[in-house]
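J.: I have a structure I would like to understand better, so I am pasting it below and will then ask my questions one at a time.
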Amino acid sequence: MDFLRPWFLWGLAAAALPVLLHLLGRRRVRTVPVGTLRFLERAAARAQARWRIRRWLLLLARMLALAGLTLLYAGPGCTTGGDGRGPSGWVLVLDTSPSMAAVRDGRSALDRARQALLAVVDRAGPQDRFWFLGTSARDEIQGPMDPAGTRQALEAARVRAGAHDLGRALAAARAAAGGGQGAVIVVASDLQARAWPRQPLRWDGPRVPMFLVDCGWPDPVNVWIGRVAETPEGLDVGVGGGGTDATVTLRLVEPSRPARKAFVEPGRAGARFSREARPGIVDLTVAPGGELAWDDRLRLPSRRSGTPRVLLVNGDPQGFELRDELLFVRKALAPDGALAGRFRVSEVRQSDLRPGDLEGVEVILVANPRPFSGELVRALAERVAGGATLVVSAGSHLVPGTDFGPLLPAPLRDRVEVPADDPSRPPYETLDPAGFGGFMDVFQDPGRGDLAATKVRRYWVLDIRSADGVRVLARLSGGAPVMLERRRGRGRLIFVGTTLDRDGADLCLQAGFVPWLERLVLYGSGRLRPRVPPVVQAGVSLDLPYPGTVTIEGPDGFRVLWAPGDPAPVPEAVGLYRVVTQAGTEDRFFARIDPAESDLARLEPAEAARRLGEGTMWVRPGRGLPLTGRRLPGRVDASAWVAGVVLGALLAEALLSGRGRGWAGRRRADRGA
């Protein structure tokens with residue numbers, strides 16, 4: 001016999017109390033004066049013999065009752081060794097696919113499966129050995145373990161996103177079962193078809209008994225957000241459903257816009273939401289969502305799509321086109337130019353610019369600006385804070401002391417003109433490829449356009465020491481920064497310290513000017529830098545496109561650093577993630593479960609058992625394993641037997657002590673009365 005709580009056995013010392021009371025309560029000799037002893041001696045001898053036997057039986061009953069109560073607290077049981085045909089080990093396979101998180105009546109399918117496997121563990125004795133394995137493609141088999149370790153492994157098991165392969169898990173289970181003759185495999189699953197093999201499994205070698213415990217529900221109900229297609233015009237959202245034909249509500253919430261709803265029939269139709277082409281987090285929810293909760297919501301980090309809108313603001317328009325400030329930019333972006341069709345371009349003179357012209361514009365390029373009115377400064381600052389990029393190129397109207405407020409990355413400091421009459425140096429400076437950064441770094445390769453040949457004769461310098469967060473994109477050969485960037489709100493300010501015509505430099509004449517202009521606009525509109533897809537699959541390794549170290553923050557706030565060359569990160573949790581680069585730019589993506597896991601449609605139990613291989617038996621949850629003809633090694637609870645002994649001892653004590661006869665006598669007296 002063994003005990004679950006052996007420390008209670010110290011209570012057996014209480015069984016000595018009846019012995020002590022017996023010794024202290026022995027009858028004392030009393031002197032009674034009588035006339036003759038002839039008849040008393042014969043009666044006393046007979047009474048003393050009967051009383052001696054009854055005292056010993058009473059003592060035994062009291063000791064047995066106290067000892068039995070102590071054993072009940074200790075948890076008595078006995079271990080059976082089997083008959084040679086029973087299993088010598090148990091291999092437990094727990095389905096941990098996302099569909100096991102489906103909840104009904106407050107309990108998930110995983111809870112039901114865990115309880116079924118714990119019932120198997122509860123039968124085990126101290127010498128039994130277990131192996132445990134989940135169905136995730138990244139799970140490794142655990143074991144051999146004792147029952148206590150197996151219980152801990154089962155209680156720690158959680159649903160895991162990502163790929164699940166029950167066939168692979170069963171192959172590992174059979175390999176473990178082959179280590180001990182007669183081992184048994186127990187599989188607990190909700191029978192959702194995603195991870196199941198499509199054809200019956202074929203096994204080599206001796207047949208291993210296998211039991212399938214069905215832990216799902218025969219009629220699962222679930223509704224989920226399916227496909228989401230983002231177009232320039234809006235969002236196309238599909239809604240899937242199983243087990244219900246009821247109309248559900250699909251709700252969309254966009255930044256700074258009222259919530260919108262659509263009523264759809266799951267699996268039959270979707271919904272289309274028109275939306276503005278602007279960045280932000282779009283919330284999609286479907287209600288009622290059914291038994292699986294984490295596919296009812298999707299937070300879509302929307303990206304700018306479609307053709308970028310560019311506004312050219314000419315601060316120095318000229319009637320003679322060859323002298324115009326935007327001549328070369330206009331030619332490159334014209335319908336018949338090198339970048340034809342890439343961008344939607346409009347142009348306005350600075351004197352004609354109105355705040356309404358800024359609506360929907362993603363890149364605002366201002367060439368040689370004059371001071372703006374306060375109204376325009378506020379409108380430009382608000383548009384930049386909302387996500388647009390303001391590019392300012394220097395010119396003759398941009399002089400130190402001019403107040404441009406929040407429209408430059410830093411205050412103006414100096415205007416520099418390279419002397420033309422100094423015989424010790426060339427009358428210009430060049431761009432230094434080693435100083436290129438940000439979107440300019442590709443031009444370090446002369447094959448992408450040799451910007452190093454650019455001759456700069458006049459440029460403007462900003463006081464970058466008086467501003468935080470300024471990033472240098474390009475430097476001159478003398479070390480002076482000539483292109484700078486600074487983030488403001490969701491947008492950015494870019495300053496080009498020389499002219500875009502031929503007055504201050506010949507950048508516009510270089511072969512790399514058009515590629516540079518293209519990358520400038522793409523970068524300003526948020527379409528240049530590499531990004532993670534807005535929606536990814538949880539549990540699947542993520543191929544990050546970033547060239548440098550980034551910080552990844554999960555939905556629970558946990559942060560991790562990733563650098564090129566590190567193993568690909570795996571977003572385990574379902575939710576919204578942030579990726580912050582060293583340059584301060586930020587991307588977001590939403591990790592969701594595979595929509596195929598949302599379909600809770602089940603295999604028929606007989607079909608599921610057939611796919612597991614010949615000899616698999618299907619078991620309903622809550623029932624024991626029907627191992628007919630086998631006496632299994634395990635532990636049998638003896639509490640009921642001990643309780644019966646305690647009850648019998650208490651009954652015997654009542655009868656032997658005379659309390660039973662007194663009660664019976666009183667009953668007879670009552671009936672006689």
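The values are calculated or read from the model by the stated rules, or taken from the named source; none is laboratory data. What you see is a predicted model; the values in this text were computed from it and never measured. A quick note on method: Cβ atoms are made from the backbone with ideal geometry, for glycine too, and the neighbour counts reach across all protein chains shown.
J.: Would you mind finding the one in Leu451, Leu407 that is in the same structural domain as Glu485 (by TED's automatic domain parsing), in contact with a strand residue (DSSP E or B) (Cβ under 8 Å, 6 or more places away or on another chain) and under 13 Å from Leu476 (Cβ atoms)?
T.: Leu451
J.: As an exercise: evaluate Phe590 against (1) surrounded by 12 or more Cβ atoms within 10 Å (Cβ to Cβ); (2) modelled with pLDDT under 85 and give the number of the one condition it does not meet.
T.: The single condition Phe590 does not satisfy is (2).
J.: What residue, among those in the range 586-600 that are under 21 Å from Ala102 (Cβ atoms) and charged (D, E, K, R), is farthest from the chain's Cα centre (by Cα)?
T.: Asp599
J.: Something else: Pull up the range 120-143, narrow it to residues that are modelled with pLDDT of 85 or more and in a strand (DSSP E or B), then point me to the one that is surrounded by the fewest Cβ atoms within 10 Å (Cβ to Cβ).
T.: Filtering the range 120-143 for residues that are modelled with pLDDT of 85 or more and in a strand (DSSP E or B), the one surrounded by the fewest Cβ atoms within 10 Å (Cβ to Cβ) comes out as Gln142.
J.: So for the range 490-498 (the condition being hydroxyl-bearing (Ser, Thr, Tyr) and surrounded by 17 or more Cβ atoms within 10 Å (Cβ to Cβ)), does at least one residue qualify? Spell out how you get there, then give the answer.
T.: Residues of the range 490-498 hydroxyl-bearing (Ser, Thr, Tyr): 498.
Within this subset, residues satisfying the condition of being surrounded by 17 or more Cβ atoms within 10 Å (Cβ to Cβ) are 498.
Yes.
J.: Quick one: count up the residues across the range 62-82 that are small (Gly, Ala, Ser) and modelled with pLDDT of 80 or more.
T.: Final tally of qualifying residues: 3.
J.: Tell me the residue from Leu544, Leu655, Leu576, Leu647 that is at pLDDT below 85 and surrounded by 12 or more Cβ atoms within 10 Å (Cβ to Cβ), please.
T.: Only one candidate passes the filter, namely Leu655.
J.: Could you go through the range 587-603 and let me know if any residue there is small (Gly, Ala, Ser), assigned to a loop (DSSP other than H, G, I, E, B) and within 19 Å of Gly162 (Cα to Cα).
T.: Within the range 587-603, the first condition is being small (Gly, Ala, Ser), and the residues that meet it are 591, 596, 598, 601.
Next cut, assigned to a loop (DSSP other than H, G, I, E, B) only: 601.
Narrowing further to those that are within 19 Å of Gly162 (Cα to Cα): 601.
Within the range 587-603 (the criterion being small (Gly, Ala, Ser), assigned to a loop (DSSP other than H, G, I, E, B) and within 19 Å of Gly162 (Cα to Cα)), the answer is yes, since at least one residue qualifies.
J.: Please specify each residue of the range 152-166 satisfying the condition of being surrounded by fewer than 18 Cβ atoms within 10 Å (Cβ to Cβ) and under 20 Å from Ala177 (Cα atoms). Step through it out loud before you land on a result.
T.: To start, the set of residues in the range 152-166 that are surrounded by fewer than 18 Cβ atoms within 10 Å (Cβ to Cβ) comprises 152, 155-156, 158, 163, 165.
The one that is surrounded by fewer than 18 Cβ atoms within 10 Å (Cβ to Cβ) and under 20 Å from Ala177 (Cα atoms): Asp165.
J.: Among the residues in the range 197-210, are any buried (at least 24 other Cβ atoms within 10 Å of the Cβ) and among the acidic types (Asp, Glu)?
T.: So far as the range 197-210 goes, no, none of its residues is buried (at least 24 other Cβ atoms within 10 Å of the Cβ) and among the acidic types (Asp, Glu).
J.: Looking at the range 331-350 only, could you name the residues that are without any contact (Cβ under 8 Å) to a residue 24 or more places away in the chain and touching a Gly at 6+ places or on another chain (Cβ under 8 Å)?
T.: Lys331, Pro335
J.: Sticking with this structure for a sec: Has the range 299-314 got any residue that is under 30 Å from Gly216 (Cα atoms) and either at pLDDT 85 or above or not assigned by TED's automatic domain parsing to the domain that holds Phe372 (or both)?
T.: Taking every residue of the range 299-314 in turn, at least one turns out to be under 30 Å from Gly216 (Cα atoms) and either at pLDDT 85 or above or not assigned by TED's automatic domain parsing to the domain that holds Phe372 (or both).
J.: Moving on to the next point. Picking from Ala262, Ala277, which residue would you name as being modelled with pLDDT of 85 or more, over 25 Å from Val103 (Cβ atoms) and either in contact with a Leu (Cβ under 8 Å, 6 or more places away or on another chain) or surrounded by 15 or more Cβ atoms within 10 Å (Cβ to Cβ) (or both)? Step through it out loud before you land on a result.
T.: Working: Ala277 fails: modelled with pLDDT of 85 or more.
After applying the criteria, what remains is Ala262.
J.: Something else now. Between residues in the range 52-65 that are farther than 12 Å from Ser657 by Cα and exposed (fewer than 14 other Cβ atoms within 10 Å of the Cβ) and residues that are at pLDDT below 80 and not hydrophobic (A, V, I, L, M, F, W, C), which pairs lie under 9 Å by C-beta distance while being six or more apart or on different chains?
T.: none
J.: Sticking with this structure for a sec: Hey, can you tell me all the residues within the range 226-245 that are in a strand (DSSP E or B), out of contact with any Lys or Arg (no Cβ under 6 Å at 6 or more places or on another chain) and at pLDDT below 80?
T.: Glu230
J.: Give the range 355-371 a look and list any residue that's modelled with pLDDT of 90 or more and either under 13 Å from Asn314 (Cα atoms) or among the hydrophobic types (A, V, I, L, M, F, W, C) (or both), or say none.
T.: Within the range 355-371, Leu358, Val361, Val363, Ile364, Leu365, Val366, Ala367, Asn368, Pro369 meet the criteria.
J.: Now for a separate question. Please state which of the following conditions Thr285 fails to meet, knowing it meets all the rest: (1) part of a strand (DSSP E or B); (2) under 24 Å from Cys508 (Cβ atoms); (3) among the hydroxyl-bearing types (Ser, Thr, Tyr).
T.: Failed condition: (2).
J.: To continue, here is another question. Being under 19 Å from Ser525 (Cα atoms) and without any contact (Cβ under 8 Å) to a residue 12 or more places away in the chain is true for just one of Asp445, Asp441, Asp468, Asp421. Which residue is that? If you could, list the steps in order and put the result at the bottom.
T.: Numbers: Asp445 fails: under 19 Å from Ser525 (Cα atoms); Asp468 fails: under 19 Å from Ser525 (Cα atoms); Asp421 fails: under 19 Å from Ser525 (Cα atoms).
Every option except Asp441 fails the conditions.
J.: Would you confirm, using the coordinates I've provided, whether Arg448 is more than 25 Å from Leu398 (Cβ to Cβ) and of a type in the set (Lys, Arg)?
T.: yes
J.: Hey, another quick one. Just to check your reading of the model, which residue among Leu326, Leu284 is within 30 Å of Asp503 (Cβ to Cβ) and of a type outside the set (Asp, Glu)?
T.: Leu326
J.: Which residues, counting only those in the range 207-225, are charged (D, E, K, R) and modelled with pLDDT of 85 or more?
T.: Initially, the range 207-225 is screened for residues charged (D, E, K, R), giving 207, 214, 219.
Asp214, Asp219, listed by residue number.
J.: Give the residues of the range 454-495 that are over 18 Å from Thr585 (Cα atoms) and charged (D, E, K, R), sorted by residue number.
T.: Lys455, Arg457, Arg458, Asp463, Arg465, Arg475
J.: Going residue by residue through the range 223-231, is there one that turns out to be under 26 Å from Ala608 (Cα atoms), out of contact with any His (no Cβ under 9 Å at 6 or more places or on another chain) and aromatic (Phe, Trp, Tyr)?
T.: Scanning the range 223-231 turns up at least one residue that is under 26 Å from Ala608 (Cα atoms), out of contact with any His (no Cβ under 9 Å at 6 or more places or on another chain) and aromatic (Phe, Trp, Tyr).
J.: Quick one: what pairs do we get from the range 307-330, first residue small (Gly, Ala, Ser), second assigned to a helix (DSSP H, G or I), C-beta under 7 Å, 6+ apart or different chains?
T.: Short answer, once both residue conditions are applied: Gly315/Gln350.
J.: Based on this model, can you work out whether Arg527 counts as of a type outside the set (S, T, N, Q), surrounded by 13 or more Cβ atoms within 10 Å (Cβ to Cβ) and either modelled with pLDDT of 80 or more or over 17 Å from the mean Cα position of the chain (by Cα) (or both)?
T.: Values: of a type outside the set (S, T, N, Q): yes; surrounded by 13 or more Cβ atoms within 10 Å (Cβ to Cβ): yes; either modelled with pLDDT of 80 or more or over 17 Å from the mean Cα position of the chain (by Cα) (or both): yes.
Here the answer is yes, as Arg527 does meet what is asked.
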